[in-house]
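Asks: Mind looking over this structure? Questions follow.
Bear in mind these aren't lab numbers, they're just calculated from the coordinates by the rules spelled out. Here the structure is a predicted model, which is why all the values come from computation and not from measurement. Here Cβ is always computed from backbone atoms with ideal geometry, including for glycine, and neighbour counts include all displayed protein chains.
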Amino acid sequence: MEKLYSPKTISEIKEKYGFALRKTLGQNFLTDKNIVDAIVATIDPHPDDLIIEIGPGIGVISNELAPRCKRYVAIEIDNRLIPILEDTLNEHDNIKIINADVLKVDIGKLIEEEKKESNSPLNRVKIVGNLPYYITTPIIMHILENQNFSAENFIESMTFMMQKEVADRLSSQAGSKEYGAITLAVNFYARCEEAVRVPSGAFMPPPKVTSSVVKLIMRREPVVQVRDVHLYFALIRASFNQRRKTLLNSLMTCGYVESKAMLKEALKASGIDPGRRGETLTNEEFAHIANTISKMREVI
Ligand code: SAM
C-alpha cells in the first residue's frame, strides 16, 4: 500500500475498518514524509539488520524500513490495528507483527529467538519507535535495563520520536532543571544525539507538544564502572525522589546504608560534600559513592 503517511489514507483506513484513534494509547500518526525519511536516515538500516519497532500504528515507518533490513518485528498493543497492519504491510515477507504491550515483552529473549529463526546471521539490532508519549520514559528504561553489554543480543541503537521536553532531559547537564534520574540512567547505557525537531503539524491528530527524534547510540561498556549496578541506581533514585534534600538526607532512603554516620563516612571517602543535592552530581560522582558504599558493606 502506498503513502501510508497521507492523511487521506489514514481517513480511508479509519472508514474501512471502523477504526477510531485512541488518545489514551498516544495514537498520533505521522503524516509527514520528510520526517519518515529523516527517521529512516537516522536509523541507517542495513540489509542484514534486525529492526524492532515499538507501536507501528498503521505501519508508516515499518513500510519504509522493512524492505531495507533482514527481519522486522513490530510490537503493537492495540489489537484493532493488527488486521490493518496485516493489510498495509502485506507485501513484506520479513515482518512479524506481535500484538503485545512492549513493557511486557522480554526484548533480549525476542532478539535471541529472531537470531535463532533467521537462516543467515543477523548483523546489528536496532530499535525504532514513534513512542506513545504517555509511557516514553518507562519504555526507554524497560529496554535499557534489559540491555546486555556483552556481544550477544547487543542493541546497537534506538531511534525514538519523543516529546521535546523528554529529549531535552536526556541531553541535559548536572545542575540544570531538566537534569534527572532518566538523564543519568540513559547516559549510563547510551550516548544521545538529537536528529530532528518535529512540529505538531506532522501528526494526525496534532499533539499539543513539539517532538524530537533522538538516537540513543548504545555503549559497549557503561559510562562508569560500578561494582553493583542495583546499588548505583538505588542511589540515583533516592536522591531524585527527594530532589530538594541534601545527599546526607536523601540517600538515607536508598536501602543500602545502615546509619547517617556510615553515609557521612562514605560521602567523605568519595570526596563528595554531604550538603550537596543529587541533582548536581554526575554519573562519575554517583559511581564513586556507590563503589565506596559497596566496599564498606563488604567489610561490615
Ligand atoms: N508508528 C506510528 C506512526 O508513526 O504513525 C504510530 C505512532 S503512535 C505515536 C504510538 C503507537 O504506539 C500507537 O500505534 C499505539 O497504539 C502504540 N502503543 C501505545 N502503547 C503501547 C505499548 N505499551 N506497547 C506497544 N505499543 C503501544
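Asks: Give me the angle, in degrees from 0 to 90, between the Cα long axis of helix 283-299 and the longest principal axis of the Cα atoms of the chain, rounded to the nearest 10.
Replies: Roughly 60 degrees, rounded to the nearest 10.
Asks: Applying the Karplus parametrisation 6.51 cos²θ - 1.76 cosθ + 1.60 with θ = phi - 60° to the phi angles of region 210-221, what ³J(HN,Hα) value in whole Hz is obtained for each residue in order, glycine and proline being reported as x?
Replies: So the Karplus estimates, Gly and Pro as x, are 7, 10, 9, 9, 10, 9, 9, 9, 5, 7, 6, 9 Hz.
Asks: Compute the distance in nm between two label points, each set 7 Å from the Cα along the Cα-to-Cβ direction, one at residue 34 and one at residue 298.
Replies: The modelled label-to-label distance comes out at 5.6 nm.
Asks: Follow-up question, since we're still on this one. Within region 133-151, name every residue whose backbone N is under 13 Å away from a label modeled 7 Å from Cα of residue 124 along the Cβ vector.
Replies: The answer is none, because no backbone nitrogen lies closer than 13 Å to the label point.
Asks: Ok, one more. How many angstrom lie between the Cα centre of region 221-300 and the Cα centre of region 5-74?
Replies: Spelled out, the Cα-based centre of one part sits 42 Å from the other.
Asks: Once the Cβ-Cβ distance between residue 154 and residue 80 is put in as r, and R0 is 25 Å, what FRET efficiency do you end up with, to the nearest 0.05?
Replies: 0.15
Asks: Follow-up. Using only the Cα atoms of region 84-128, build the gyration tensor, take square roots of its eigenvalues as a ≥ b ≥ c, and label the shape rounded, prolate or oblate: rounded if a/c is under 1.5, else prolate if a/b is larger than b/c, else oblate.
Replies: oblate
Asks: How much FRET efficiency would the formula 1/(1 + (r/R0)^6) give for residue 115 and residue 145, where r is the Cβ-Cβ distance and R0 is 22 Å, rounded to 0.05? The partial results should precede the final answer.
Replies: Working: r = 21 Å, r/R0 = 0.94.
It comes out at approximately 0.60.
Asks: Could you calculate the contour length gain from residue 68 to residue 15, that is, 0.36 nm times the residue separation minus the distance between their Cα atoms, to one decimal place in nm? Write down the numbers at each step before the final one.
Replies: Numbers: separation 53, 0.36 × 53 = 19.08 nm, distance 3.03 nm.
Gain on stretching residue 68 to residue 15: 16.1 nm.
Asks: Also: Amide H of residue 98: which non-local residues (sequence gap of 5 or more, or other chain) have their own amide H closer than 5 Å, using H built in the peptide plane?
Replies: 74, 75, 76
Asks: Can you tell me the dipole magnitude for region 140-244 around its Cα centre, using point charges on the Cβ only (Lys, Arg +1; Asp, Glu -1), in Debye to the nearest 20?
Replies: Numbers: 13 positive and 10 negative charges, 81 e Å.
With Lys and Arg at +1 and Asp and Glu at -1, about 380 debye.
Asks: Between residue 22 and residue 87, how high is the FRET efficiency from 1/(1 + (r/R0)^6) when r is the Cβ-Cβ distance and R₀ = 25 Å? Nearest 0.05.
Replies: The pair residue 22/residue 87 has a calculated efficiency of 0.85.
Asks: Gaussian network model of the chain, Cα springs within a sub-10 Å range: biggest mean-square fluctuation belongs to which of 172, 270, 259?
Replies: Highest fluctuation of the listed residues: 259.
Asks: Does region 73-168 come out rounded, prolate or oblate by the C-alpha gyration tensor, with a ≥ b ≥ c the root eigenvalues, rounded set by a/c under 1.5 and, if not, prolate when a/b is larger than b/c and oblate if not?
Replies: oblate
Asks: According to a simple spin-label model (label point 7 Å from Cα along Cα-to-Cβ), what is the distance in nm between residue 104 and residue 191?
Replies: With each label point 7 Å from Cα toward Cβ, the separation is 3.8 nm.
Asks: Rounded, prolate or oblate: pick one for the chain, where a ≥ b ≥ c are the square roots of the eigenvalues of its C-alpha gyration tensor, a/c under 1.5 means rounded, and failing that, prolate if a/b is larger than b/c, else oblate.
Replies: prolate
Asks: Another question, if that's okay. Please turn the phi angles of region 124-138 into ³J(HN,Hα) values with the Karplus equation 6.51 cos²θ - 1.76 cosθ + 1.60 (θ = phi - 60°), one per residue in order, whole Hz, x for glycine and proline.
Replies: 10, 10, 10, 10, 9, x, 8, 6, x, 5, 5, 9, 4, 5, x
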